[in-house]
Amino acid sequence: MRTGIYIALLFFTMTSALQAQKPLTITDDSVKFGNTLCPGIWIDIPETKLETVRGNWIKFIEKGTKSKALVAVNEITIFGALLTDISEAPVNIFSSVEGKDSLVRLFAALELKRDEFTRINSKEHEQLKKAVKQFAKDQYVKVAEDQLSAQESKLKDLEKELSSVRKEKEKLEKGIQSANTSISEETYKIESFQKELKVTEAALDAKSTELSTMADGDAKKAVQSEVKDLQKKKKENLKDISTSENKVSKANTLIKDNKSAIEANLKQQDELGNKVSDQNLVVKKYSDKLKTIESY
């Protein structure tokens, strides 16, 4: 059930990304600026922000000239703009920007001479459309590039997380290998200590029996010293065995814990692997979206 919901959400996310991709719509119209009715064009720029488009548009019309744009709320006017692709002489631009839901509408009218604006189907009017469309396209491309960059960043984070989880698995496996080596080494030590303990115990029994039959004197004292040394040796043997057994026990516990952790790790890898695959699809959708916008 959860898998079905997840797939549905993923499909909705990717579909939304495609639906958000809209054309740059241009229409001829006239807008009144003061007492002047200015014939020009409207263009819709999807997924952009009003403040961003306004700022970039001001930079665009001010480029190459010392003239400064006059801004009154959403109306932007500049006298003496340089648009050499349209006119060799300076021109006046009357424009307006409006925010509409998920897009920005930009109006632009070009005054070639006093009270003489571009006419529909004229060369200058078509050049105005071309220039404004290129501006709008640049704005939309930047939006798509930022969206793609954000999705690529998500993909990079997921890949980094997956790589980290894989490295953690390797670390756990190395821990198991090290623990198995430790078990082998300590098991060998235990066997050696146990053999040594048998020899010590046999010698201790023999000396203890000999001591019980000896008369007091220097000889007995010498044997008593040997017995003490053997008892000390036996204690050391037992301690060595206990130390190695504790190491074996800890190693076995580590192996058990690491195997459990690896099992959880593999599940996490599967989940992250699926997320990486899904995110690759999302990145491709945004990449395709960018390419489509660039083809406008």
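The numbers here are math on the coordinates, done by the rules we state, and not lab data. What you are looking at is a predicted structure, and each value in this text was computed from that prediction instead of being measured. For neighbour counting, all protein chains shown are included, and Cβ atoms are generated from backbone atoms with ideal geometry for every residue, glycine included.
Return the single residue from ALA219, ALA109, ALA69 with maximal mean-square fluctuation; model: Gaussian network over the chain, springs between Cα atoms under 10 Å.
In this elastic network of the chain, the residue with the biggest mean-square fluctuation among ALA219, ALA109, ALA69 is ALA219.
Using a Gaussian network for the chain with springs between C-alpha atoms less than 10 Å apart, which of these wobbles most: THR243, THR253, THR209?
The residue with the greatest mean-square fluctuation here is THR209.
Full-extension gain between SER287 and THR27, please, as 0.36 nm times their residue separation minus the C-alpha to C-alpha distance. Intermediate results must be reported in sequence, preceding the final value.
Values: separation 260, 0.36 × 260 = 93.60 nm, distance 2.83 nm.
My answer for the length gained is 90.8 nm.
Per 5 Å bin from zero, what fraction in whole % of the C-alpha pairs of the stretch 151-294 is there, up to the bin with the longest pair?
2, 9, 11, 10, 8, 7, 7, 6, 6, 5, 5, 5, 4, 4, 3, 3, 2, 2, 1, 1, 1, 0, 0
Please give, to one decimal in nm, the separation of the simple spin-label points placed at LYS235 and ALA219, each 7 Å out from Cα toward the Cβ.
Computed distance between label sites LYS235 and ALA219 equals 2.9 nm.
Restricting to Cα atoms and excluding each atom paired with itself, what does the Kirkwood estimate give for the stretch 220-296 in Å?
Working: mean 1/r = 0.0532 Å⁻¹.
Answer for the stretch 220-296: a Kirkwood hydrodynamic radius of 18.8 Å.
Going by amide H atoms built from the backbone, whose H comes under 5 Å of the H on VAL31, apart from near neighbours?
Residues meeting the amide H criterion: CYS38, GLY40.
Once you have the Cα-Cα distance between SER192 and ASN35, take 0.36 nm times their residue separation minus that, and quote the gain in nm to one decimal.
Values: separation 157, 0.36 × 157 = 56.52 nm, distance 10.81 nm.
Gain on extension, SER192 to ASN35, equals 45.7 nm.
Computed over the Cα atoms of the chain, what is the ratio Rg over Rh, Rh following Kirkwood? Don't skip to the answer; put the middle values down first.
On the way: Rg = 42.3 Å, Rh = 27.1 Å.
Result for the chain is an Rg/Rh of 1.56.
Along Cα→Cβ, 7 Å out, is where each label goes; now give me the distance between the ones at ASP205 and ASP115 in nm to one decimal.
Simple spin-label model gives 13.2 nm for this pair.
Hey, in the GNM for the chain with a 10 angstrom Cα cutoff, which one of ARG114, ARG166, ARG54 fluctuates hardest?
ARG114
Determine the equivalent ellipsoid of the stretch 18-129 by diagonalising the alpha-carbon gyration tensor, then write out the semi-axes as square roots of 5 times the eigenvalues, largest first, rounded to whole Å.
On the way: eigenvalues 103, 51, 37 Å².
That gives 23, 16, 14 Å for the three semi-axes.
Hey, how many Å between the Cα centroid of the stretch 156-171 and the Cα centroid of the stretch 203-277?
Computed from Cα coordinates, the inter-centre distance equals 38 Å.
Would you work out which of LEU172, VAL227, GLY217 lies farthest towards the positive end of the dipole of the stretch 133-229? Charges go on Cβ: Lys and Arg +1, Asp and Glu -1.
LEU172
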